[in-house]
Structures are given as structure tokens and as C-alpha cells.
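A.B. asks: Sharing a structure below in C-alpha cells format, with a few things to ask.
The values are calculated or read from the model by the stated rules, or taken from the named source; none is laboratory data. Here the structure is a predicted model, which is why all the values come from computation and not from measurement. Don't worry about glycine lacking a Cβ; one is built from the backbone with ideal geometry, like all the others, and counts go over all protein chains shown.
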Amino acid sequence: MNFAAARAYQQSASAEDERVLQYLPLVQHVIGRLNASLPTGLDREDLFSAGVCGLIQAARSYDPSKGASFKTHAYTRIRGEILDELRRADALPRRKRQRLHELQRTFDEQCAARGRPPTLDELAEAMDVSAESLDELLCLAKSASLVSLDSAIEPEGFSLAETIRDPEERSPLAAASLSERQEALAEALAALPPREREVLGLYYMEGLLLREIGKLLGVSESRVCQLHTRALYMLRQQLSTHRHREEAA
């Protein structure tokens, strides 16, 4: 390697190091966004290490000519590495795993019987549990879907994991499909209870963490997680029902 090439390599490496140091807080931010949905007893340091690995990969692979900002590129890599670490560390107790499979089975049966995802009240009744217990179970299911929840899909095309999945995880195709239904989305948002609608606004529009939302609303972080998951479920259930009505018309 000649002097000019060596100098260019050093400058490139230095720029990568600076990016990594500058965007380290982004790793904590990504973990914070997932925090209330993470399994208890999980070592956050392992997640941070995985996130840093993703950040380093992002710094090395970033190509500004592709149009995306480094922050967007890094966020995707960091989140991907953290989710991979979560999958490797999956250790749900058997009893909780059984409850999730029961939830999945009931959800699938209700979808097949009704031709649409069940409402929360219908799902709670079918499982013979209280609304509060269902909220806790759905929040657990959201956490497990990040890890290894089997998302069986019925012939009708409904999926529990998709119904409670965070919109940040949707594919470009799903995002495009969503943009085509802006009117239906606005109607579904307007139909949400005020508290659930407020949680979605604070989380997605204001970019607040769940614990920050909890402080604003005067509730625990776990309760915000339940409200967030409940809101996503109701939103997706209404959108799915709207879509199938249009297809049947």
C-alpha cells in the first residue's frame, strides 16, 4: 500500500470511528424503544453490545450515494443486531409459551370463524380472560414476536404477530399499502379511545420512549406498553375489517 492509499485508509477509518462515537446514544435510544417489551431478566448490556456491533457495521457499510441518511442506515443495522440477540437469548418460561400458543390458536380460530380478526372483547371472551389479562398477554406476545413467536397464518391471511407488530418493522410493500389507505387509517385512529390515541401520538409523532410517556400520563411503563399494544391491535383490526369489506363489495 503506497503512502497516499494508506493516508486515505486512515482518514476513512477515522471518519468511521467518529460516526460510531457520535451515534452511540442511538443504540440506547433503540433499546429504550423496545424496553417495556423486553423479557424480564434479559441482560441489557448484551443488547447494548449487539447494538454497538450493528453501529460499527453501519459505519463501515454506509454509502451516502444511496440517498439514505447515516442515522436511518444505522438505525436499521442497530435494530437488526439487537433483534438477532433477542432471538438468540429467547428463554420464555414454558407456562408463558403455552399461554402464547393458546392466544395464537384462539386468534386463528376466531379469524376463521368470523372472516376477520376478532375485536379485543371477542378475543377476551373466547379465551375466557379479563380485558386486563388479555392486555398483559398481548404485550407479552408483542415481546415474543420480536424473538420467536410462531405467527401461524390462516388461509384468510390474518396473523396475530402482524396484528400487533410495531409499524417501524413493516416492509416497504406494507408501508406502500398503508399509504394507499390513508383515509381508512385516519378513520381508524379517530375511532380509538382517547388514551390509546394519545399514546400512539406521543410514541410515533413525538418520538417519546415508553417510560417518558408513562411519566406524562402518570402510569407505569408496563401499562404504557399495554396501551400501545392494545392501540395497535385495535387499529390493525379496524383496517383489516375495512379492507375485507372493500374486497367483498
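A.B. asks: Is it the case, given these coordinates, that Val27 is at pLDDT 85 or above, more than 16 Å from the chain's Cα centre (by Cα), farther than 25 Å from Arg230 by Cα and not assigned by TED's automatic domain parsing to the domain that holds Cys139?
C.D. replies: Against the criterion (at pLDDT 85 or above, more than 16 Å from the chain's Cα centre (by Cα), farther than 25 Å from Arg230 by Cα and not assigned by TED's automatic domain parsing to the domain that holds Cys139), Val27 does not qualify.
Quick grid of which residues meet (1) touching a residue at least 24 places away in the same chain (Cβ under 8 Å); (2) assigned by TED's automatic domain parsing to the domain that holds Cys139; (3) within 20 Å of His29 (Cβ to Cβ); (4) crowded, with 16+ Cβ neighbours inside 10 Å:
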{"position": "Ala186", "(1), (2), (3), (4)": "no, yes, no, no"}
{"position": "Ala191", "(1), (2), (3), (4)": "yes, yes, no, no"}
{"position": "Glu196", "(1), (2), (3), (4)": "yes, yes, no, yes"}
{"position": "Tyr203", "(1), (2), (3), (4)": "yes, yes, yes, yes"}
{"position": "Gly214", "(1), (2), (3), (4)": "no, yes, yes, yes"}
{"position": "Val219", "(1), (2), (3), (4)": "no, yes, no, no"}
{"position": "Cys225", "(1), (2), (3), (4)": "yes, yes, yes, yes"}
{"position": "Tyr233", "(1), (2), (3), (4)": "yes, yes, no, yes"}
{"position": "Gln237", "(1), (2), (3), (4)": "yes, yes, no, yes"}
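A.B. asks: Here's something else I'd like to know. Could you list all residues from the range 94-124 that are under 16 Å from Tyr233 (Cα atoms), at pLDDT 90 or above and of a type in the set (D, E, K, R)?
C.D. replies: Answer for the range 94-124, where residues must be under 16 Å from Tyr233 (Cα atoms), at pLDDT 90 or above and of a type in the set (D, E, K, R): Asp121, Glu122.
A.B. asks: Would you confirm, using the coordinates I've provided, whether Leu120 is surrounded by fewer than 19 Cβ atoms within 10 Å (Cβ to Cβ), in the same structural domain as Val27 (by TED's automatic domain parsing) and touching a residue at least 60 places away in the same chain (Cβ under 8 Å)?
C.D. replies: Taking the combined requirement at face value, the residue does not satisfy it.
A.B. asks: Somewhere in the range 91-104, is a residue surrounded by fewer than 16 Cβ atoms within 10 Å (Cβ to Cβ) and in contact with a Phe, Trp or Tyr (Cβ under 9 Å, 6 or more places away or on another chain)?
C.D. replies: Checked the range 91-104: no residue is surrounded by fewer than 16 Cβ atoms within 10 Å (Cβ to Cβ) and in contact with a Phe, Trp or Tyr (Cβ under 9 Å, 6 or more places away or on another chain).
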